[in-house]
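Here, each number is a calculation from the coordinates, and none is a lab measurement. Here the structure is a predicted model, which is why all the values come from computation and not from measurement. Cβ placement follows ideal geometry from the backbone for every residue including glycine, while neighbour counts extend to all protein chains displayed.
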Amino acid sequence: MSASIAKNIEPIREHRANVLYQHGTLALLVPGLLEGTTTMGELLTHGDTGIGTGEGLDGEIIVLDGRPWRVGRSGKVEAVPDDFTMPFATMHQAAFQYQCERADIGLEELNRRIVEANGRANTFFAVIVRGTFSFMKTRAVIKQQAPYPTLEEVADRQAIFLGQDVRGTMLGYFSPIMFHGAAVAGFHEHFLADDHSIGGHVLDAVLERGEIHTQVFDTLVQHLPVDNPEYRNHDFSHDNIAEAISNAEGDRRGDE
Ligand SMILES: [Zn+2]
């Protein structure tokens with residue numbers, strides 16, 4: 001454990017690696033604004049690393065080294081074409097810095113220690129955990145059709161996948177509590193096994209052994225689908241956004 005190294009992790013300005021780009025917000029998914037309002041091709045102009053979901057919550061997306069992958073209800077990992085449309089995604093240009101190595105640790109404790117080690121509870125940052133996971137539980141939401149249901153109605157329409165002793169990469173984004181709504185406060189993490197045997201939105205995991213790298217952002221670019229008619233005309237005043245996001249994203253809150 002090298003807390004002293006982690007505390008020195010600062011934003012890197014070369015190649016705009018200090019910028020986190022987000023298209024859409026989680027709040028927009030709450031009332032069911034699930035139309036794809038950007039494309040994978042466009043997103044890749046904002047970075048080589050990211051996570052997101054497709055139109056109608058069509059699967060869980062992870063972008064690693066400029067290559068986008070999608071896990072849908074079948075659990076199969078598929079390459080994502082440039083014209084694939086998405087209502088929500090987070091992207092950045094990778095410039096990760098080594099934080100520490102960890103062994104035999106559950107997801108909740110791992111996440112807590114990552115925040116603690118780099119002292120960045122009020123900062124957006126990305127984390128990559130590469131290693132062997134003795135346990136991995138992921139989900140993929142099942143694609144919905146228009147007229148779209150609310151995020152809470154979709155909560156039980158998901159496929160769950162379980163893995164044991166899988167090598168792979170977990171990519172997560174940490175958002176400060178005051179941004180709950182624009183993103184999930186705390187971590188939002190997706191996983192991809194090296195052999196593509198399992199992937200998706202991480203619900204639970206145990207890291208057997210792995211290296212942790214983090215990347216800190218000092219700038220958030222929040223891109224909104226301003227010309228999408230549903231978004232323009234929607235009245236958000238009756239959507240209980242913070243609560244709906246907490247319920248839909250499980251109990252992994254950043255303030256724990
Ligand atoms: Zn997700």
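Phi-derived couplings, Karplus 6.51 cos²θ - 1.76 cosθ + 1.60 at θ = phi - 60°, listed residue by residue for the range 81-89: x, 4, 8, 4, 9, 9, x, 8, 7 Hz, with x used for Gly and Pro.
Taken as Cα centroids, the range 1-78 and the range 153-198 sit 11 Å apart, rounded to the nearest whole angstrom.
P(r) for the range 90-227, from all Cα pairs and a bin width of 5 Å, is 2, 9, 18, 20, 19, 16, 10, 4, 1, 0 %, short bins first.
Phi-derived couplings, Karplus 6.51 cos²θ - 1.76 cosθ + 1.60 at θ = phi - 60°, listed residue by residue for the range 8-13: 8, 6, 10, x, 10, 8 Hz, with x used for Gly and Pro. Under a Gaussian network description of the chain, with springs only between Cα atoms under 10 Å, the residue in I51, I177, I61 that fluctuates furthest is I177.
Counting only Cα atoms, the chain measures 49, 36, 34 Å along its principal axes, largest extent leading.
Ranked by the mean number of other Cβ atoms within 10 Å of their residues, highest first, the peptides 238-245, 110-117, 180-187 come out as 180-187, 110-117, 238-245.
Near the amide H of A183, within less than 5 Å, lie the amide hydrogens of L26, all on another chain or at least 5 residues away, with H placed in the peptide plane. Remark: the range 29-46, residue by residue, has Karplus-estimated 3J(HN,Hα) of 7, 4, x, x, 7, 10, 5, x, 10, 8, 10, 4, x, 5, 4, 5, 7, 9 Hz, where x stands for each Gly or Pro and the curve is 6.51 cos²θ - 1.76 cosθ + 1.60 at θ = phi - 60°. Seen against the Cα atoms of the chain and their longest principal axis, helix 107-118 is set at about 70 degrees. Rounded to the nearest 20 debye, the dipole size of the chain about its Cα centre is 440 debye, using +1 on the Cβ of Lys and Arg and -1 on the Cβ of Asp and Glu.
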